[in-house]
1. Starting from residues that are of a type in the set (Val, Ile, Thr) and free of Cβ contacts under 8 Å to residues at least 40 places away in the same chain, keep the ones in region 168-186 and report whichever is farthest from GLN131 (Cα to Cα).
2. If you take the residues in region 89-121 that are surrounded by 19 or more Cβ atoms within 10 Å (Cβ to Cβ) and aromatic (Phe, Trp, Tyr), which one is farthest from GLU186 (Cα to Cα)?
3. For region 101-215, list the helices (runs of 4 or more DSSP H) that sit wholly inside it and hold at least 2 residues that are closer than 27 Å to LEU48 by Cα and touching a helix residue (DSSP H, G or I) at 6+ places or on another chain (Cβ under 9 Å); which are they?
4. Among the residues that make up region 137-145, is at least one of them surrounded by fewer than 20 Cβ atoms within 10 Å (Cβ to Cβ), in contact (Cβ under 8 Å) with a residue 24 or more places away in the chain, in contact with a His (Cβ under 9 Å, 6 or more places away or on another chain) and closer than 29 Å to GLU225 by Cβ?
5. Hey, any hits in region 108-120 for a residue that's polar (S, T, N, Q) and farther than 26 Å from LEU78 by Cβ?
6. Restricting to region 46-78, count the residues that are under 19 Å from the mean Cα position of the chain (by Cα) and outside any helix (DSSP H, G or I).
Amino acid sequence: MMCKKIFKKIVKEAKIFLRILLSLYLFFSGKVNTSKGEIFSKNYITSLFFHNPSQQFFKRCIQWLKKNGFFFISIDQLIQYVQNQQEFPKGAVWLSIDDGWKDNIYNIIPVINEYKIPTTFFIATDPVESQGIFWWTFFGKCKNQLPSYFKSSSLDLKNIKEKDRKKIIQDLKKRCKKRVSREAMEIEEVKSLAQNPLVTIGSHTVHHALTVNCTDDELEFEIKESKERLRE
């Protein structure tokens, strides 16, 4: 068990080191400036999405974008540009946050309030309304209770029919005895989030479904039902 923990720590630190190397390469090779120049020479809207970043990382990203001449638009503005077939403004950024992580309340909201940044939150409704745990966390914590052919990687669950994946996760939730801290926002937090004038809330399906594996009926349920629940 100790060796396994040490190995995981080494892998985690190696990934961080490789990310640092990659970022240094992109910066000193001039690729960052080249890409920035291309964005400002053409009418692009840069779409950036986050999941559960730390406040420090998220704030540094926002500061870099503002320092380098980018500005932020809301999803309503984006829709207007598209529907009216208007030319996209140079340097525009549309920002979205996926899933509905509880820590977004403490790490994202203070930053967007400080810098007055319109932001779209795409929220999966079932984690909010139930135990507050995303399905991949159940998989990671309790995958030893799955059939042997699913134990290697969560990728196995991404390559099967949605109804089969959902059943496996539902069964796993019932059998999983490990204590898992809540990850998703609570209902009252989503309601509070919806009152922020900088925030737009959108559907991210009910069960965080893998939409490429859904039937048309499953897609209709996941999208329509989640929108109705969010409105409520």
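1. Here the residue is ILE168.
2. TRP94
3. Values: elements: 104-107, 109-115, 125-129, 135-142, 162-175, 187-194.
Hits in region 101-215: 104-107, 109-115, 125-129, 135-142, 187-194.
4. No: region 137-145 contains no residue that is surrounded by fewer than 20 Cβ atoms within 10 Å (Cβ to Cβ), in contact (Cβ under 8 Å) with a residue 24 or more places away in the chain, in contact with a His (Cβ under 9 Å, 6 or more places away or on another chain) and closer than 29 Å to GLU225 by Cβ.
5. So the first thing to find is which residues in region 108-120 are polar (S, T, N, Q), and the list is 113, 119-120.
Narrowing further to those that are farther than 26 Å from LEU78 by Cβ: none.
Among the residues of region 108-120, not one is polar (S, T, N, Q) and farther than 26 Å from LEU78 by Cβ, which makes the answer no.
6. Residues of region 46-78 under 19 Å from the mean Cα position of the chain (by Cα): 46-62, 72-75.
Still in the list and also outside any helix (DSSP H, G or I): 46-54, 72-74.
Result for region 46-78: 12.
A short reminder: the numbers here are calculations on the coordinates, not readings from a lab. No experiment lies behind these values; they were computed from the predicted model shown. A quick note on method: Cβ atoms are made from the backbone with ideal geometry, for glycine too, and the neighbour counts reach across all protein chains shown.
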